[in-house]
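Remarks on the structure that follows.
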Amino acid sequence: MIWVEILSRHRDIASRHRFPGPEVSIGRGYDNDVIVDDPYVAARHLRVFRDDAGRLVAEDLGSTNGTFLDGNKTRLPRILLDGQQPIRIGQTFLRVREPGHAVEPERVAPQRWHILPVVAAVLFGAAVLGLEALTVWFGQVVEPRALNYLTPLLSACGAILTWVGMWALLSRIFAGRSHFFRHLLIALSGAFALSFYGEFAKYLAFAWTRPVAGTYEYVAIWIIVAAVCFFHLREVGSTRLWLKGALVAALLVVAISVQTLQRSQALSDSGRQTTLHILLPPSLRAVPYRSEADFFGAVGDLKATLDRDRAQTGPSPGQTP
């Protein structure tokens, strides 16, 4: 008896075929035991049989595109099958196994706590909306109106749902399941991290006169977005995570470099520093304010320094001292 498995692009089992005879023919023609719907597979592409030692062997029947081991670019006329490494014909992956092939032991089913993900989603969602409402409240300079709060909150909900729907659709296409709730948790976690960092940077700049976190806020934003995208990609497919991580890291470096260059050129052109656009309540101020005497004293010291520099430089040509 011979088992032939057709594998997906992620090397998952798409279908299994059992044959009681000593030989199996594989190809695109209807006279084969296993018919492969692949235009790059020959009409009679492959023959699987047992050699004199009873081992399973795959033999190419003179196809144009050849037969390969998975991950190997060397065309092989005959392959000794071990039941583990797939073989490729055309763009189709196959695996051949014995009836007595040992399978992995059964996994212990984890306890399912459905309430925990729901609570986490509710908490993250409430935190994101709360931080968004807090930002609107800090920026209020007129009489509060409900529309001023509803518009940004609804916009945030719409953006998150659109983002999650896109990744859920990709999961449905490539993994066969949408994993909508998992993608929702990932998106809400990222949105909370973005909102929290933004508010924390504003607090440091206002309360402690530490504008560094706000100056490099774009770096933190790109890092958070890259982490969120990687976790989304992991839900879409758990294979080749190192390649996905390397791709996300490369795009992260490019994005940060480009924006750093743009900001440096914009600063040199305008000559203005970044300022805090939203004022916070004075009670949040942690560093004591400078008195009026200190301020004008610093101005006087600056004026004295400028006068001394002018005196050392002397009058410019064409001017009377």
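The values are calculated or read from the model by the stated rules, or taken from the named source; none is laboratory data. Keep in mind it's a predicted model, so treat the numbers as computed, not measured. No Cβ is skipped: glycine too gets one built from the backbone with ideal geometry, and neighbour counts run over all protein chains shown. Note: areas computed on protein heavy atoms with side chains; ligands, DNA, RNA excluded. Shrake-Rupley method; radii C 1.70, N 1.55, O 1.52, S 1.80 Å.
Data table
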{"item": "Residue list for the range 194-218, restricted to those being closer than 21 Å to C229 by Cα and outside any helix (DSSP H, G or I)", "result": "Y216"}
{"item": "Pairs, first of a type outside the set (G, A, S) in the range 72-84, second open to solvent by 80 Å² or more (accessible area, probe 1.4 Å), C-beta under 7 Å, six or more apart", "result": "L80/R55"}
{"item": "Residue that is nearest to W3 (Cα to Cα), among those in the range 49-65 that are aliphatic (A, V, I, L, M) and assigned to a strand (DSSP E or B)", "result": "L56"}
{"item": "Subset of the range 74-89 [in a strand (DSSP E or B), touching a Leu at 6+ places or on another chain (Cβ under 9 Å) and of a type outside the set (A, V, I, L, M, F, W, C)]", "result": "R88"}
{"item": "Long-range neighbours under 6 Å by Cβ, at least six apart or interchain, first residue open to solvent by 40 Å² or more (accessible area, probe 1.4 Å) within the range 40-60, second among the hydroxyl-bearing types (S, T, Y) and part of a strand (DSSP E or B)", "result": "R47/S25"}
{"item": "Residues that are of a type outside the set (D, E, K, R), within 29 Å of G237 (Cα to Cα) and not in a loop (DSSP other than H, G, I, E, B), drawn from the range 1-15", "result": "W3, V4, I6, L7, I13, A14, S15"}
{"item": "Cβ pairs under 9 Å, 6+ apart, first in the range 172-183 and within 20 Å of A121 (Cβ to Cβ) and open to solvent by 100 Å² or more (accessible area, probe 1.4 Å), second at pLDDT 85 or above and of a type in the set (V, I, T)", "result": "none"}
{"item": "Count - residues of the range 208-227 that are touching a residue at least 40 places away in the same chain (Cβ under 8 Å) and surrounded by 16 or more Cβ atoms within 10 Å (Cβ to Cβ)", "result": "2"}
{"item": "Residue match in the range 16-26 (condition: touching a strand residue (DSSP E or B) at 6+ places or on another chain (Cβ under 6 Å) and assigned to a loop (DSSP other than H, G, I, E, B))", "result": "yes"}
{"item": "Checking F68 against (1) in a loop (DSSP other than H, G, I, E, B); (2) within 29 Å of L233 (Cα to Cα), the condition it does not meet", "result": "(1)"}
{"item": "Residue satisfying all of: in the range 194-207; open to solvent by 70 Å² or more (accessible area, probe 1.4 Å) and modelled with pLDDT of 85 or more; nearest to the chain's Cα centre (by Cα) among these", "result": "F196"}
{"item": "Residues that are over 13 Å from I89 (Cα atoms) and not acidic (D, E), drawn from the range 49-76", "result": "F49, R50, A53, G54, R55, L56, V57"}
{"item": "Selection from the range 61-75 of residues that are surrounded by 11 or more Cβ atoms within 10 Å (Cβ to Cβ), out of contact with any Gly (no Cβ under 6 Å at 6 or more places or on another chain) and over 19 Å from Y30 (Cβ atoms)", "result": "G66, T67, F68, L69, D70, N72"}
{"item": "Among residues of the range 85-108, those that are touching a residue at least 12 places away in the same chain (Cβ under 8 Å) and among the β-branched types (V, I, T), counted", "result": "4"}
{"item": "Residues (open to solvent by 90 Å² or more (accessible area, probe 1.4 Å) and free of Cβ contacts under 8 Å to residues at least 40 places away in the same chain) located in the range 24-39", "result": "R28, Y30, D31, D37"}
